[in-house]
1. Which of the following residues is among the polar types (S, T, N, Q), free of Cβ contacts under 8 Å to residues at least 12 places away in the same chain and more than 18 Å from residue 317 (Cβ to Cβ): 180, 189, 235, 175?
2. Examine region 399-414 for a residue that is assigned to a strand (DSSP E or B), crowded, with 20+ Cβ neighbours inside 10 Å and of a type outside the set (Ser, Thr, Tyr), and state whether such a residue exists.
3. Given the condition part of a loop (DSSP other than H, G, I, E, B), farther than 20 Å from residue 232 by Cα, in contact with a strand residue (DSSP E or B) (Cβ under 8 Å, 6 or more places away or on another chain) and not aromatic (Phe, Trp, Tyr), answer yes or no: does some residue in region 156-163 qualify?
4. If residue 321 satisfies all but one of (1) out of contact with any His (no Cβ under 9 Å at 6 or more places or on another chain); (2) buried (at least 18 other Cβ atoms within 10 Å of the Cβ); (3) farther than 20 Å from residue 219 by Cβ, what's the number of the condition it fails?
5. Please enumerate the residues belonging to region 194-236 that are over 19 Å from residue 265 (Cα atoms) and buried (at least 20 other Cβ atoms within 10 Å of the Cβ).
6. Conditions first: (1) open to solvent by 20 Å² or more (accessible area, probe 1.4 Å); (2) part of a helix (DSSP H, G or I); (3) touching a strand residue (DSSP E or B) at 6+ places or on another chain (Cβ under 6 Å); (4) touching a residue at least 24 places away in the same chain (Cβ under 8 Å). Residue 167 passes all but one, so which condition is the exception?
7. Taking the residues in region 217-240 that are aliphatic (A, V, I, L, M) and part of a helix (DSSP H, G or I) as candidates, determine which candidate is farthest from residue 331 (Cα to Cα).
8. Return only the number of the condition from (1) at pLDDT 90 or above; (2) surrounded by fewer than 20 Cβ atoms within 10 Å (Cβ to Cβ); (3) out of contact with any Phe, Trp or Tyr (no Cβ under 8 Å at 6 or more places or on another chain) that residue 48 does not satisfy.
Amino acid sequence: MGSDSEDSDEEGGLGNVNRLIIRPHGHSGKAKKGHLCFDAAFETGNLGNVLLINEYEYDLCLRPDTCNPRYRFWFNFTVDNCKQDQRVIFNIVNLNKNNNLFNQRMTPLVKSTSRPKWQRLPKEHVFYYKSTIHQQHYVLSFAFIFDREDDVYQFSLTYPYSYSRLQSYLSVLEQKFPLQRDALAYSVQQRRLELITFDDVKKPEALEPGKNQIRVVVILARIHASESPTSYVVQGLIEFLAIANHPIAKLLRENVVFKILPMMNPDGVFLGNNRVNCLGHDLNRNWNNISFYTHPTLSATMDMLKEFDTSECYQLDFVIDIHAHSTFMGCFVYGNAYEDVYRYERHLVFPKLFASRCADFQNDNMIFNADDRKQGTARRYLCNRLSENVNVYTLQVSMNGYFIKGTNIATPYTEADYMKVGRNLARSLLEYYRFTNILPIPPLMEIITKRRGRPKTHRPRRKIKNIYPLRPKTTRENAPINYTDLSICYDSDTSVGENLSPVRYPFHSHFMLQHNRLRFIQTQSDPFPSLKLANLELSPKHKKKHAPASTISENCPSKAETFMVPPKSYVSVIDFNLLTRGGLEEATQKTSEKVCAHHYQKLNRSKNSK
C-alpha cells in the first residue's frame, strides 16, 4: 500500500464494515498513513462499526447475528494502513455475555501477513471490566502496537475455521485417503452439509438379530457458528481415522461405521454469526421443533439417525455433539440422567474412559442431568427420541485453554491441541468397545506393541553415556584450603611480570592435570598476563601417553614461547597428610618446630666439631 490508502467509506448498513477508514476529526480528503482501515467483509468476519475516541483510542461495535440481535460475542476483523510503531487501544463495547472466559484472563488472537501464525495477546495488555462510560456494560479493551507498516493485522476471538477451508480440506483429503464424502443436505443458502463416512466393516452373509449388527457412531460439530475449535477437533478425528497403517484406526474402521458431520451450520459460519443460521434460528435449541424449510440440516440429520436407529443391520451406539465453551476451561462431557439405574451406569462408562485419556479433562465441569430448559438441544432431545441403547453426549472444549492437572496453571489451547482432543476421542471409543466386551479387541498397549517398526539393523546403536571411567567413591574429605593460601615465597620472573600470581592446578588425574596445564596458555591480548612455561619435563612412564614436543609447540601462540613450571617454594617440608579441617596452623607450627630443631642440631654439631 502506498502512502495514501484508497478512499472508501462504505459501511454496508447493518452488515460488516467494508474498508472503513477512520479519519481524525476535522480531516478531509485522501486518507494518510496512520488513518486505520478496518475491514470485516470477508468469510467469518464480524465487526459492525468503529468510532474514534481520540488519537489512540477506538470503540468497536460488533455486528449482531443475522436476524437475531441477542447474540454478540464473535469478532474477526483486519486492520491496515497503520504507521510504524503506532499505538492504539481497542474497546469492544457491546459483548452480550458478561460471564465469559475474559474473566479468566483469556486474550484475543492476532496475526499479520508477514507472521501468519496466530498468537495470543499478552495478558498484561488486555482488560475486561465494567465501564461507567458505557452504561455499566462490560467492555473488552486491549492495547496494541503496529510494528510494521506494510502488514495487514487480523484480530479474532479464537482460531477461525471457515466454510471454504473445510471444502478445500475435504477435497484434498479424499484424493489421498479412501473415505466417502457426500452432501447429506443443503442449507437455506444452498451450502453443502458434508457427511464423511468411514466404513471398512465386512458385512455378514446372514443376519442374526442382536448378535452381528454393525456398530455406528455419529459425530456432530459446528452447530454454533462461532465455535470454530470444534472444527479442529473434528479434523483431528478425521485425520486419525484416515491413516491407513495405524493399528487403532484400522481396528476402528474394520469394526465400527463412523458418520461425521463436520459443519452443521454452514450459513452461520460463512456469515460470521455467533450462534444462529441465516434466519436467526439457534439450531441447537430447535431439535424438538424441526422444520424442513428453516432447518434443512437438522431435518436431514434427524432422518439419518432414525434410519440407523430402526435398522436391523445397524446398531447406533453414540451420538456425540461437539461444542466450544465460552465460560469454562478444559474439555468435559455433558450427559443425561435416567431413572433406569443400569442405563445410567452404562451411560457413565464412556465419559470416564475419555477422562482417563485426556490430560486436559476437567471433571468439575462434567454434568449429567435432565434439564427441561435444554429440551431443544441434541443431547436432551435425542436421548428421548432414540432407543435406549443410544448414548447421546455433548463434548465441550474451551475457547481458551485448560488447567494442568493438580495445579492452577492455565495453558492456552493451540490448533494442534484441539486436534489431539479428536484423536483421544477415537482412542476412547475403542477402549469403550473393548471394556464392554462388544468387540474382541485387545488392550491398546498390546495393539501398539504389535505394531511393526524398523528392522533392528536400521536402528541406531546405543550411545555410551560416559567415555571416561568413573572415579571410585571414597570417604576421604578434602581440606578447605587452596594452594595459593599458603604463605610461600616464589621467585619472580621479570620476563612474565613482577605481580604474577601463582597458578593453582586442580588435583585430578595425570591426564586431566596435563589437560588443564595446556588450558592456561594465554595470548598477549587476554586481560590476564600470559604464562610462559619452559622445559616441561614429563615422567618417563607418562611420556608415551602425550604428544611429542613438536606437536605441543605447534599449538602454542608462537614458536618462541616455551613452557615453564613455576619454581619450587623455599618451604617444602610441610606434611600435607596432616592437613585436615582447621589443621593448617597446627601443621605449619609443627613444620616450623622441625625446622628449628634441625637448625639447632646442625649448630650443635658444628660447635662440637670445632
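The values are calculated or read from the model by the stated rules, or taken from the named source; none is laboratory data. As the structure is a computational prediction, the values presented were derived from the model and not from experiment. Using ideal geometry, Cβ is built from the backbone for each residue, glycine included, and neighbour counts are taken over all protein chains shown. Each accessible area value is taken on the protein alone, full model and side chains, heavy atoms only, with ligands, DNA and RNA left out. Shrake-Rupley method; radii C 1.70, N 1.55, O 1.52, S 1.80 Å.
1. The conditions single out 175.
2. yes
3. The answer is no, given that none of the residues of region 156-163 is part of a loop (DSSP other than H, G, I, E, B), farther than 20 Å from residue 232 by Cα, in contact with a strand residue (DSSP E or B) (Cβ under 8 Å, 6 or more places away or on another chain) and not aromatic (Phe, Trp, Tyr).
4. (3)
5. 198, 216, 217, 236
6. (3)
7. 238
8. (2)
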